[in-house]
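Notes follow the structure.
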Amino acid sequence: MNKKFAIGADIGGSHISSALIDLEAGMIITGSNASREVNSKGPADEILSVWADTLARSMAGVDHERFAGIGFAMPGPFNYEMGIGLFIPEVMKYENLYGVNVATRLKNMLRLDSNCSLRFMNDATSFAVGESWMGKARGYDRSVCITFGTGFGSAFIDEGIPVLDREDVPGNGCFWHLPFKDGIADDSFSTRWFVNEYAAKSGKRLSGVKEIAGLADVDPAVGEIFEEFGKNVGGFIAPWLERFSSEILIIGGSISGAYNIFGKYLENSLKNRNLHIQISVSQLTENAALLGSARLLEENFWQQVKPLLNQM
């Protein structure tokens, strides 16, 4: 019998979300979404129990004869080939999963058959795969996805497959580690940059970008910060978009909710460099990562992606 169903799971720094995916239709099964908050600083057993409970809720009622397995959109550092956590204290999350075989532990906790696969891929890459498969980048051969949130995620997609090691993409097929100003790109294109910039300009430290953006109509400093952000992003990514011959740029992550403030500066920055490219804000949002991770259970896709996992 055709194994057409798989779970897609998105592991965040403070939550897990999952859903049952119809791989043939590329769609989430209505009513299968589940989500729970996670204490990422908690002990391994606690974290894995929350994950297992959430996954079990999405799996409820599925025909096990037609169930292929579970795909995870997982942040790094992580051994994506073996399913083993490599989180260290410096990343400030899930360090108690360091050295833990997440695949084996969850498979036992969920009492899954030996032929049921658990597969893992970087979270930003999963998001990009989902967008290419069933989102705004569907129908485009070459797309670049960037996500702005607690960190700066990115991925390059060529005909549905991530590109990680080629002369037209940066090392590991992502931006976060590249030099920018006095640090790396992740320092300037993430939540902490906004929080620090607003504190420097106003003397007030707010908790996140949503709170800062909410002051755009009353505090001129907010507009200045978002203008700088948009211009910086455009200048930074433009050479790579051109080198990759990207047809579309997808923007996601929590900060994408403020695109109405910074988007025009980003767009003008690209146009000023004679780079005319379709730009779309993700409408799938978190569902892109769920779809992208579940696609790991589609065998043709898996065989093309599997050799790339050791580069993620």
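The values are calculated or read from the model by the stated rules, or taken from the named source; none is laboratory data. The structure displayed is predicted, hence computed values, not measured ones. Please note: Cβ atoms are built from the backbone with ideal geometry, for glycine as well, and neighbour counts cover all protein chains shown.
Whenever a residue of segment 88-115 is surrounded by 14 or more Cβ atoms within 10 Å (Cβ to Cβ) and of a type in the set (Gly, Ala, Ser), its partners that are in a loop (DSSP other than H, G, I, E, B) and at pLDDT 90 or above, lying with C-beta atoms within less than 7 angstrom and at least six residues away or across chains, give the pairs ALA103/GLY83.
Only one of these is outside any helix (DSSP H, G or I), closer than 17 Å to VAL144 by Cα, in contact with a strand residue (DSSP E or B) (Cβ under 8 Å, 6 or more places away or on another chain) and not assigned by TED's automatic domain parsing to the domain that holds PRO77: TRP240, TRP176. Name it. Spell out the reasoning first.
Working: TRP240 fails: outside any helix (DSSP H, G or I).
Answer to the selection: TRP176.
Suppose we filter GLY13, GLY61 for residues that are modelled with pLDDT under 95, on the phi > 0 side of the Ramachandran plot and not in a strand (DSSP E or B); which single one remains?
Numbers: GLY13 fails: on the phi > 0 side of the Ramachandran plot.
None of the other options fit; the residue is GLY61.
Counting only residues that are farther than 18 Å from GLU65 by Cα and touching a residue at least 60 places away in the same chain (Cβ under 8 Å), which one in segment 20-32 is surrounded by the most Cβ atoms within 10 Å (Cβ to Cβ)? Among residues in segment 20-32 that are farther than 18 Å from GLU65 by Cα and touching a residue at least 60 places away in the same chain (Cβ under 8 Å), the one surrounded by the most Cβ atoms within 10 Å (Cβ to Cβ) is ILE28. Take the conditions assigned to a loop (DSSP other than H, G, I, E, B), crowded, with 18+ Cβ neighbours inside 10 Å and either in the same structural domain as ILE21 (by TED's automatic domain parsing) or under 15 Å from the mean Cα position of the chain (by Cα) (or both) and apply them to THR150. Does it pass? So THR150 fits the description; yes.
From the list ILE212, ILE261, the one residue that fits, being among the hydrophobic types (A, V, I, L, M, F, W, C), more than 30 Å from GLY292 (Cα to Cα) and assigned to a helix (DSSP H, G or I), is ILE212. Applying the selection to segment 90-108, what residues are basic (Lys, Arg) and in a helix (DSSP H, G or I)? The answer is ARG105, LYS107. Assess whether SER49 counts as being part of a helix (DSSP H, G or I) and either outside the structural domain of LEU106 (by TED's automatic domain parsing) or buried (at least 17 other Cβ atoms within 10 Å of the Cβ) (or both). No, not satisfied.
Return the residue satisfying two criteria in turn: it lies in segment 1-19 and is in contact with a Ser or Thr (Cβ under 6 Å, 6 or more places away or on another chain) and surrounded by 18 or more Cβ atoms within 10 Å (Cβ to Cβ), and of such residues it is nearest to LYS93 (Cα to Cα). The qualifying residue nearest to LYS93 (Cα to Cα) is ILE16.
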